[in-house]
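Everything on this sheet refers to the single structure shown next.
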4 protein chains.
Amino acid sequence: MTHSIAILGASGYTGAELVRLIATHPGMTIKALAANSKAGQPMAQAFPHLRHLDLPDLVTIDEIDFSGIDLCFCALPHKTSQEVISALPRDLKIVDLSADFRLRDPEAYQKWYGNPHAAVDMQGEAVYGLTEFYREAIRGARLVAGTGCNAATGQYVLRPLIEAGVIDLDDIILDLKCGVSGAGRSLKENLLHAELSEGYHAYAVGGTHRHLGEFDQEFSAIAGREVRIQFTPHLIPANRGILATGYVKGDPEAIYGALSNAYAQEPFIELLPMGETPSTRHIRGSNFCHIGVSADRIPGRAIVIAALDNLTKGSSGQALQNANLMLGLDETEGLMLAPVFP
Amino acid sequence: MTHSIAILGASGYTGAELVRLIATHPGMTIKALAANSKAGQPMAQAFPHLRHLDLPDLVTIDEIDFSGIDLCFCALPHKTSQEVISALPRDLKIVDLSADFRLRDPEAYQKWYGNPHAAVDMQGEAVYGLTEFYREAIRGARLVAGTGCNAATGQYVLRPLIEAGVIDLDDIILDLKCGVSGAGRSLKENLLHAELSEGYHAYAVGGTHRHLGEFDQEFSAIAGREVRIQFTPHLIPANRGILATGYVKGDPEAIYGALSNAYAQEPFIELLPMGETPSTRHIRGSNFCHIGVSADRIPGRAIVIAALDNLTKGSSGQALQNANLMLGLDETEGLMLAPVFP
Amino acid sequence: MTHSIAILGASGYTGAELVRLIATHPGMTIKALAANSKAGQPMAQAFPHLRHLDLPDLVTIDEIDFSGIDLCFCALPHKTSQEVISALPRDLKIVDLSADFRLRDPEAYQKWYGNPHAAVDMQGEAVYGLTEFYREAIRGARLVAGTGCNAATGQYVLRPLIEAGVIDLDDIILDLKCGVSGAGRSLKENLLHAELSEGYHAYAVGGTHRHLGEFDQEFSAIAGREVRIQFTPHLIPANRGILATGYVKGDPEAIYGALSNAYAQEPFIELLPMGETPSTRHIRGSNFCHIGVSADRIPGRAIVIAALDNLTKGSSGQALQNANLMLGLDETEGLMLAPVFP
Amino acid sequence: MTHSIAILGASGYTGAELVRLIATHPGMTIKALAANSKAGQPMAQAFPHLRHLDLPDLVTIDEIDFSGIDLCFCALPHKTSQEVISALPRDLKIVDLSADFRLRDPEAYQKWYGNPHAAVDMQGEAVYGLTEFYREAIRGARLVAGTGCNAATGQYVLRPLIEAGVIDLDDIILDLKCGVSGAGRSLKENLLHAELSEGYHAYAVGGTHRHLGEFDQEFSAIAGREVRIQFTPHLIPANRGILATGYVKGDPEAIYGALSNAYAQEPFIELLPMGETPSTRHIRGSNFCHIGVSADRIPGRAIVIAALDNLTKGSSGQALQNANLMLGLDETEGLMLAPVFP
């Protein structure tokens, strides 16, 4: 038996990544692909790398008959997403990859995204999609809110440490390096090859990146008090990958132990031996996340580094992992592809 | 039921690519991984991207008990390969990825590779591994010789045209662009990142590249007369991918027809609509080959371009496709992974 | 004494490259920088790499007082360029980097560019800017038309061979590989980093690239008969560089001799020893052009390869070289910067 | 009048970068180039991008007659450098680019480099080569020790802050991202293009990188107490560039003020307006260093980021700047080349 899938926003990178992953998923069939701006085109025109697949043509969202759809992935821009999802059938299972349902507090949403939320009622219904920490709730959810890709990486570094109480909550720094596909397929001068390749820089410095809304919400909830971290993302000339370097204060062994406890049974999280460091090139194209811990030369300080692929474990792979749970499938179905190296 | 597999030369890129592909192959289990220079290491040390897999440690070739092995992939350097294969059990199914059994004529081998062949008897036994054109022979073969990656790409462009008699045999130019992983994991100054990135150049210009031995052998056999093409490879700063631009004289429609006839039923060869051009980024990490045909503005001339991934369709994916046939499995088993883009 | 310079179209890559080169030119001072879309900005906002220079702010073209300008570089898009230049003072020295004055025949212009020429009278006045072959005319010119960057590279390969009569004029193939900055700073999906890096492809296949207009005009003029070459450009994931691989029929020694004669005294053209091949990484950021010749294994055929930097020798460096001549300066002034490697 | 220059270690990247810079320096002439492993070769064989220059062939160090040399750049590996320099004439002016004379304390040297120092007497004589802070001493020095490239970048961020007493000395984190040319032209598997491109990772994590020896020495001397920072370098897939992200505790305005005071008159250090962030692509190939300061959302914390080119301002450009001072030339001579972008 196979489940019928629709993907809204199929002409962007996360949409295409969903198609790539579902292509070899034995329990899902893509029934509809929507992309309003490219409606009418075959998917192979928007993404020639999917040419070998027998896929439905791109349509507008309005053209989809959702009555035959078991689960819908929504890979639209934020703000558009909440409007579209509000209008979908209320019994349709949805995994949203946008930012629209990540923040539970409407005020927090407005603070970080600049507009009032248009579907406040659904905000309460949505389950935060960080699978390893919301697994049971996701299993029973109708609407799952995929996390920010940077937010996922940072949480894999920090959640177990905050939960286990092994680090100083007032001195957490996350220095993050991400590839360019995280910015999407948008026409911006600063995303051109000639602008990006051969150089690197920080952006949204000083605590202005929107994914801080997720860190604040989640870390404060775990700690039972307000936790505010420092977070600086950097753009690196590679297409895929996020590397998050966390600087924390605490006993390195206790830190390693907390991560080890948290991830021992996790199919996609690999904790490296103490002192080893992960690389984005070793998880590229896969749903795996590698985490390394090193003690600093200054006693009582540690560096914890996580690597994942922003398009896979950071968004579309995570979304599929959640969809598997929502549909009662094996959580790893379709997601065991090995990383592509070199 | 699953077949037991050994891989010799597992610490190189084609060895790792075999492991990556077999990781999600339902009918094969890796029982032994040999790499003399790294024997004793876990595979995850040589290739951390394979860390999530439950793999045997690297051993020397001598340590392998071949009695329990159904098929052995040999991803060793040429010359070493013929020596090793000579010493393997004579009933073991072998797919060799080196250059050692590609040329049927010992003199041709010596001319292109500089040393006399050490296993001349087995040269005759070996079947040339270009699946689409040697499928039936491969099915019954014990020893299959994987093709050169450039040689495969060029043949996908030219074989159907020579076979159909639609091009001038005395004026064939193949201008090829390949990524750097084709040169392997060898310590050479000219393969350093700082030497290669941000630039491109031709090499082995003027008819000195060894893959010409394969072109000469195959094209002459098809044509029933000597055929010698011009062939210039260029090294491009990207890890994977071969793009072969063929300049031929003949009627573009007849050329398109010949390719269409040859590849209509092929699961991995995609002939694009007339006038479209393929890109290596659209086959990256997959076993697919995209081919495009354009008429030139000069009547009676055409440009035929093929794109494939040198590590997949050009070597390890081809090897697995052949192994599937030799073991009586579905030819596409484990090989339908979609390309990774971006 | 220093000459006063204006640059129109200063917010594009060729405009910025002119500023970079003039920054250390002892005989020129930039007095005006125009970029209508970014007028009012300091140049350091459009191009932070020029931050250390004391430059005038960007203005609209209308705001410039040309009475104090000795020479004006025009780095605008084609079509815009002819309109703007028509309205400039008739005694102002101009080096145009657009396509607008390269083709002497208005019909040829309309054929390749799709619109009738708006300044037909000035077409006749303009001198074609390939310095090595139009040096004397450029010295006395008021309006010089910079060549296409691909067109320059191809001509460095082929002009001396056609002039010396050492190759077959009916069988010339130019397979060209270019970096992405040649496409300019324009917002196109196919120029995004995520779309371009890690892959390569041919474009404008079959004789449709506009630079063929220049090849046809120049080669036919030299040969005294119609010459039409085959030309296929490929886009390579690097920012700078053009590598043109020419396939010609003729005696390799005679070919080498023709190039040697043509370029022996040229300050920027380096003919490599017979059999060596150039690389774009060895001319990057400089005004040099490296050329190599190899005999093919098929007698009577040769491969001639040229490498240059599209933004320097292919456009802005060429423009400055021509401006030096027009102003009576040493031709190499400001242009002897060594290539940047790695 | 021109000064006669020798470069020892001319076959490495910093040696070649010295040649590139001196090529347009009006007051220096290269009289000798040594590279023991490539002695006998023309420089154009080791570095074809320098082909247009009229340079002496590579020789062994022993073959050089130092009596005619005014100043010698020594770009050899550490340990080799101290042995070679010990044997040079005692009145020869030397700029050493290795690590051998950076640390004034022989025990510190042995701790970080693993071997006892072989020229302890000269350690005392050497002046630390961070021009902006040792300018006067350099002017009179015979032997100047070029800084580590990472060490230079970190000091540009932190020295003025420590000197001005505006940051907490016990909580300084430097998260650094560097391009691959900093690792030199050495044959290591992890420096291959296929290994490095498309991924990024941290290395020498936890306080083990040798450049910490310089930080400890310099920062403690300025502060008049022991200062130990946290420092994590990351390798980024680009050839050139270092981006150092400093996390400090202090008033952002005071921090900005301290940097502004320190660098207001410096010809190569550009402090960006408050809140702006530098990029390595905007200093590439030049001797400039861009520095940006941002206040964090957490009061009393700031992020200070510096970008420079490791081969230029981080080593060979710095060395030339120091050589200019030692020879009584204008400090900026030959170093005003604008960055190359894109």
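The values are calculated or read from the model by the stated rules, or taken from the named source; none is laboratory data. What you see is a predicted model, and the numbers here were worked out from it, not measured in a lab. FYI the Cβ positions are ideal-geometry reconstructions off the backbone, even for glycines, and counts take in every protein chain you see. We work out accessible area using only protein heavy atoms, side chains counted, and drop any ligands, DNA or RNA first. Shrake-Rupley method; radii C 1.70, N 1.55, O 1.52, S 1.80 Å.
The amide H of B:Arg284, built 1.01 Å from its N in the peptide plane, has B:Val340 as neighbours under 5 Å, considering only residues 5 or more places off or on other chains.
Taking the charge dipole of chain B about its Cα centre, with +1 at Lys and Arg Cβ atoms and -1 at Asp and Glu Cβ atoms, the residue from B:Leu130, B:Ala221, B:Ala34 reaching farthest to the positive side is B:Ala34. Here the dipole of the stretch C:131-172 is about 420 debye; that uses its Cα centre as origin and unit charges on the Cβ of Lys and Arg (positive) and Asp and Glu (negative). For the pair A:Asp170 and A:Thr208, label points projected 7 Å from Cα toward Cβ lie 2.8 nm apart.
A point 7 Å from Cα along Cα→Cβ stands in for C:Thr2, and the other copies hold the same point at 2.4, 7.1, 7.4 nm, listed in rising order. With all pairs of separate Cα atoms included, the stretch D:203-293 yields a Kirkwood hydrodynamic radius of 15.2 Å. Simple rule: put +1 on each Lys or Arg Cβ and -1 on each Asp or Glu Cβ in the stretch B:39-173, find the dipole, and look at B:Gly140, B:Gly165, B:Ala46; the Cα lying farthest toward the positive end is B:Ala46. About the centre of its Cα atoms, the stretch D:150-309 shows a dipole size close to 380 debye [charges on the beta carbon of Lys, Arg (+1) and Asp, Glu (-1) only; nearest 20 debye]. Averaging Cα coordinates gives a centre for the stretch A:158-223 and one for the stretch B:129-203; these two points are 42 Å apart.
Within the stretch A:213-233, name every residue whose backbone N is under 17 Å away from a label modeled 7 Å from Cα of A:Glu163 along the Cβ vector. Under cut-off, by backbone N: A:215-225. Of the residues in the stretch A:248-297, those shielded by at least 50 Å² of accessible area once partner protein chains are present, compared with the chain alone at a 1.4 Å probe, are A:Arg281, A:His282, A:Arg284, A:Arg297. 3J(HN,Hα) along the stretch A:67-78: 5, x, 9, 8, 8, 10, 8, 10, 10, 9, x, 4 Hz, from the Karplus curve 6.51 cos²θ - 1.76 cosθ + 1.60 with θ = phi - 60°, whole Hz, x for Gly and Pro. Protein heavy-atom accessible surface, 1.4 Å probe, per residue over chain B: 30 Å². Sequence-distant contacts, meaning Cα pairs under 8 Å at least 6 residues apart, place the relative contact order of chain D at 17 percent.
The trypsin sites (Lys or Arg not before Pro) of the stretch C:137-216 that DSSP puts in a loop, and whose beta carbon has at most 13 other beta carbons within 10 Å, are C:Lys188. Take A:Asp170, move 7 Å from Cα toward the beta carbon, and the resulting point lies 1.2, 8.8, 8.8 nm from the same point in each other copy, nearest first. Chain B and chain A together bury an accessible surface of about 2800 square angstrom, both sides counted, with a 1.4 Å probe and no ligands or nucleic acids included.
What full-extension length gain, to one decimal in nm, is calculated for C:Lys188 and C:Thr60 as 0.36 nm per residue of separation minus the Cα-Cα distance?
43.6 nm
When Lys and Arg each count +1 and Asp and Glu each count -1, what net charge do the other residues less than 13 Å away from D:Arg240, Cβ to Cβ, add up to? Local net charge: +3. Here the Karplus curve 6.51 cos²θ - 1.76 cosθ + 1.60, taken at θ = phi - 60°, turns the phi angles of the stretch B:25-38 into couplings of 8, x, x, 9, 10, 7, 9, 8, 10, 10, 7, 3, 6, 10 Hz, with x standing for Gly and Pro.
Net charge dipole, chain B: roughly 520 debye, given to the nearest 20, about the Cα centre with Cβ charges of +1 for Lys and Arg and -1 for Asp and Glu. With its label point defined 7 Å out from Cα along the Cα-to-Cβ axis, C:Glu189 lies at 2.3, 4.1, 4.5 nm from the matching points of the other copies, in increasing order. Here the stretch B:102-233 was treated as a single set of alpha-carbon atoms; its pair distances binned every 5 Å from 0 give 2, 9, 17, 20, 20, 16, 10, 5, 2, 0 percent. Dividing the summed -39500 (n - 2.57) terms of all DSSP H runs of n ≥ 4 by the residue count of the protein assembly as shown sets its mean residue ellipticity at 222 nm at -8000 deg cm²/dmol.
Projecting the Cα positions of D:Pro278, D:Pro252, D:Ser181 onto the charge dipole of chain D (unit charges on Cβ atoms of Lys, Arg, Asp and Glu, taken about the Cα centre) puts D:Ser181 furthest along the positive direction. Amide H contacts of B:Leu33 (H built 1.01 Å from N, in plane; Pro and chain starts excluded): B:Ile7, B:Val59 sit under 5 Å, all sequence-distant by 5 or more or on other chains. Using the alpha carbons alone, the radius of gyration of the protein assembly as shown stands to its Kirkwood radius in an Rg to Rh ratio of 0.95. Local charge for A:Lys38 was computed over the other residues whose Cβ lies under 12 Å away, with Lys and Arg +1 and Asp and Glu -1, and equals -1. Surface composition of the protein assembly as shown: carbon plus sulfur atoms hold 49% of the accessible area, using a 1.4 angstrom probe and ignoring ligands, DNA and RNA. Divide the volume of the convex hull around the Cα atoms of the stretch A:150-310 by the residue count and you get 116 Å³ per residue. Can you say what percent of the DSSP beta bridges in the protein assembly as shown, counting only those with both residues inside, are antiparallel? Round to 5. Antiparallel: roughly 45 percent of the beta bridges in the protein assembly as shown. Secondary structure note: in chain A, about 40% of the DSSP beta bridges are antiparallel.
For the stretch B:1-23, a reduction of at least 40 Å² in accessible area between the chain on its own and the assembled protein chains (probe 1.4 Å) is found at B:Tyr13, B:Arg20.
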